[in-house]
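Here's the structure we're looking at; comments come further down.
The values are calculated or read from the model by the stated rules, or taken from the named source; none is laboratory data. This one's a predicted model, so the numbers in the text were calculated from it and none came from an experiment. Backbone-built Cβ (ideal geometry, glycine too); neighbour counts: all protein chains shown.
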Amino acid sequence: MDKKTTRRGNYESGSDYVLEYGELRFAFNEEDFAQRVEQAAVKLRFVDQGLSGEELDDLLDLAVSGEIAEPSSRLGEHINENWEDLVGPSNRSLVHWIRRLVFRGAWLDQRVKEGELDVVFDERTQTFGYVQPDRSDERIKLSKEPSWRRIAYRRQLWRSRAATTVSEPPPAEPWARPASKNSFAASASP
């Protein structure tokens, strides 16, 4: 009996960050990885879209290192202040779920690229999903992710000392990270 075996490709957009799980190795450029980490945290309802450079840097430290040793933003401080609520059994921690969603997104993107999945839009729910083109038009179900809304980080408005005018803090400087710190092993499957 001759079985056809398919070797799936690994997702790659660069080499700044590497995520490995089993035989899969996904490599990301800095911008792609940062966008995926922020989107994962938004999907988990832990942050709102549009983080500053310092906030994103802290979130990247959390995703890569599993902790934030020296926060550079209020987000990093919030994470450290609420650490006991964010950490838990490995499959229930915020770090686990951020990594899992980054991995899952890259895995799905690679399956679309290889023709194993198609992206579809549901007019009724106004959401995107995936179907296997060789099976049916039924959307595949992705595992439900938990919500961290209860202890989510929300930017607080900053008050000017000179007046009672409320404004956002000034935009942050762009961040950079050396490539040597940016490799970690994933502990979750898609």
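Checked against (1) modelled with pLDDT of 65 or more; (2) in contact with a helix residue (DSSP H, G or I) (Cβ under 8 Å, 6 or more places away or on another chain), residue 182 meets all criteria but (1). Of everything in the range 1-42 that is surrounded by fewer than 21 Cβ atoms within 10 Å (Cβ to Cβ), over 17 Å from residue 110 (Cα atoms) and of a type in the set (A, V, I, L, M), the residue that is modelled with the lowest pLDDT is 1.
From 112, 120, 102, which residue is within 27 Å of residue 9 (Cβ to Cβ) and touching a Gly at 6+ places or on another chain (Cβ under 7 Å)?
Working: 112 fails: touching a Gly at 6+ places or on another chain (Cβ under 7 Å); 102 fails: touching a Gly at 6+ places or on another chain (Cβ under 7 Å).
Only one candidate qualifies: 120.
Can you confirm whether residue 134 is in a loop (DSSP other than H, G, I, E, B), out of contact with any Phe, Trp or Tyr (no Cβ under 9 Å at 6 or more places or on another chain), of a type in the set (D, E, K, R) and surrounded by fewer than 19 Cβ atoms within 10 Å (Cβ to Cβ)? So residue 134 passes the test. Checked against the criterion of being at pLDDT 95 or above and of a type in the set (Lys, Arg), the candidates 45, 139, 111, 135 yield just one match: 45.
Among the numbered conditions (1) surrounded by fewer than 21 Cβ atoms within 10 Å (Cβ to Cβ); (2) under 16 Å from residue 101 (Cβ atoms), the only one that residue 46 does not meet is (1). Taken together, 57, 85 contain a single residue that is of a type in the set (D, E, K, R) and surrounded by 20 or more Cβ atoms within 10 Å (Cβ to Cβ), which is 57.
Would you confirm, using the coordinates I've provided, whether residue 61 is within 24 Å of residue 151 (Cα to Cα), among the charged types (D, E, K, R) and at pLDDT 95 or above?
On the way: within 24 Å of residue 151 (Cα to Cα): yes; among the charged types (D, E, K, R): yes; at pLDDT 95 or above: yes.
Against the criterion (within 24 Å of residue 151 (Cα to Cα), among the charged types (D, E, K, R) and at pLDDT 95 or above), residue 61 qualifies.
Of all residues being assigned to a helix (DSSP H, G or I) and either of a type outside the set (A, V, I, L, M) or touching a Pro at 6+ places or on another chain (Cβ under 9 Å) (or both) in the range 108-130, which is farthest from residue 142 (Cα to Cα)? Just the residue, please.
113
Residue by residue through the range 73-98, note down the ones that are farther than 21 Å from residue 146 by Cα and touching a residue at least 60 places away in the same chain (Cβ under 8 Å). Walk me through how you get there before you give the answer.
Taking the range 73-98 and keeping what is farther than 21 Å from residue 146 by Cα, we get 73-74, 77.
The answer is 73, 74.
Taken together, the residues in the range 99-127 that are surrounded by fewer than 19 Cβ atoms within 10 Å (Cβ to Cβ), touching a residue at least 40 places away in the same chain (Cβ under 8 Å) and aliphatic (A, V, I, L, M) amount to 1.
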